[in-house]
Structures are given as C-alpha cells and as structure tokens.
Amino acid sequence: MTDLGPSAAGRMPRSAWVLGWLCLADQLLQLQLRGLTDSDPVWVLLSVVLSALVVGWFSAGVLQARRVRLVIAWILLCLSVLLRVFGTLSEPGPRALLDLLVSIGQVVALAALCATPYFRGQRDRTQPPSRAFGGVIAIAVVVGVVGGVTAPADGSGASVQLRIGL
C-alpha cells in the first residue's frame, strides 16, 4: 500500500484557516476604525509582544483541543457576537453589519473546527498536530501584533498603556 499523505484526520481543516483569517480581518477592521495607538513606543512594543504571545498561545491551545483555552475562546467569540448584535441594533449601518457578520463567521468557523476528525484526534491525543499548524499560529501571532498597535476602543490616549489586543 502506498502512502498517500496525511489522513483526513491529520490535515489542518479549512475551518481553522477560515477562523484565523476571519480573526485577522476583524483585527484589521478594528485598526481601520480606531487607528494606531499613540502610546509611548516602549509600551506599544511591550503590548505588541504580549499580545502576539497571548493570542498565539491561546490559538495553539484551541488547535490542539485544550479544554480551558477552547472554552475561553468560545466565551470571547460568543460575547463578541452578542456585543455586536447590540451595537448593530443601537447604531445600524454597513460597518456594524460587517463587524457582526465577521463575528458570526468566527463562531461558525470554530464550531466547524470542533466537528472535524482533526479536532477529535487532537482532543483524544491520538495524533500530532498537522504540519500546517505553524501557518495558522503565524496568522494568530499577526492578529496579536495588530491588536497591540491598535488604539483602545474607549479613545483614551494615555502615553503609558499596556494592552493585550485580542
């Protein structure tokens, strides 16, 4: 029998890639809306590094079906949808609708990821992560970097500000 490559259970599911790209799109939309932070460059650099590390670590946990990080991701994504529903209802418009659709897409992509053979194999610890694991984590790290340079939602312009932008 010939080796035809990784099994379906071993390949990184498309839903993981979709989730990663939707998170990046969401973060870029927030950057476009709020602009760059005007905090002191040292604090911005620290925020960028911490955001990249935290988002990358959480993403790795989600892709490896680590229960606590997965539950936290579910909570954050569902809260995001809920808040964006309220935001869309209070200030309807194309931008609010786009933000809501991206958030809903993230929840759908996470649900699809959780239903894949890859995810089941990770949860059961019966297979190593896919070779494409690093690519999805790289997207997550970029999400963290963009979050670290994005101005805060409250509009505060404090020069000393440490934020972890998710």
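The values are calculated or read from the model by the stated rules, or taken from the named source; none is laboratory data. What you are looking at is a predicted structure, and each value in this text was computed from that prediction instead of being measured. When we count neighbours, we look across all protein chains shown, and the Cβ atoms used for this are built from the backbone with ideal geometry, even at glycine. Each accessible area value is taken on the protein alone, full model and side chains, heavy atoms only, with ligands, DNA and RNA left out. Shrake-Rupley method; radii C 1.70, N 1.55, O 1.52, S 1.80 Å.
Would you mind checking which residues have amide H under 5 Å from Asp40's amide H? H placed 1.01 Å from N; only 5 or more apart, or other chain.
Distant-sequence amide H within range of Asp40: Val160, Gln161.
Over all alpha-carbon pairs in segment 13-54, figure out the percentage whose distance exceeds 13 Å.
66 percent
Restricting attention to the alpha-carbon atoms of segment 84-147, what are Rg (one decimal) and Dmax (integer), both in Å?
16.1, 47
Search the structure for amide H atoms under 5 Å from the amide H of Thr150, placed 1.01 Å from N in the peptide plane, and list their residues when 5 or more places away or on another chain.
Here Thr37 satisfy the definition.
For the chain, give the percent of accessible area contributed by carbon and sulfur heavy atoms, probe 1.4 Å, rounded to a whole number.
Carbon plus sulfur share of accessible area: 71 percent.
Sorted by packing (mean other beta-carbon atoms within 10 Å per residue), highest first, where do 67-80, 129-142 land?
129-142, 67-80
Defining a contact as two alpha carbons under 8 Å apart and six or more residues distant in sequence, what relative contact order in percent does segment 1-115 show?
42 percent
Scale the Cα Rg of segment 68-121 by the rule-of-thumb value 2.2 N^0.38 Å and send over the ratio, two decimals.
Against the empirical 2.2 N^0.38 Å value, I get 1.31 for segment 68-121.
For the chain, what is the charge dipole size about the Cα centre, in debye to the nearest 20, if Lys and Arg each add +1 at the Cβ and Asp and Glu each add -1 at the Cβ?
620 debye
Rounded, prolate or oblate: which fits segment 44-97 when a ≥ b ≥ c are the square roots of the eigenvalues of the alpha-carbon gyration tensor, with rounded for a/c under 1.5 and prolate only if a/b beats b/c?
Oblate, because a/c is 1.5 or more while a/b does not exceed b/c.
Per residue of segment 128-137, in order, report the coupling 6.51 cos²θ - 1.76 cosθ + 1.60 (Karplus, θ = phi - 60°) as ³J(HN,Hα) in whole Hz, putting x for Gly and Pro.
Residue by residue, segment 128-137 yields x, x, 5, 5, 7, 3, x, x, 5, 5 Hz.
Viscosity 1.002 mPa s, temperature 20 °C: what is the translational diffusion coefficient of segment 32-139 from Stokes-Einstein with a Kirkwood Rh over Cα pairs, rounded to a whole number of µm²/s?
My calculation gives 134 µm²/s for D.
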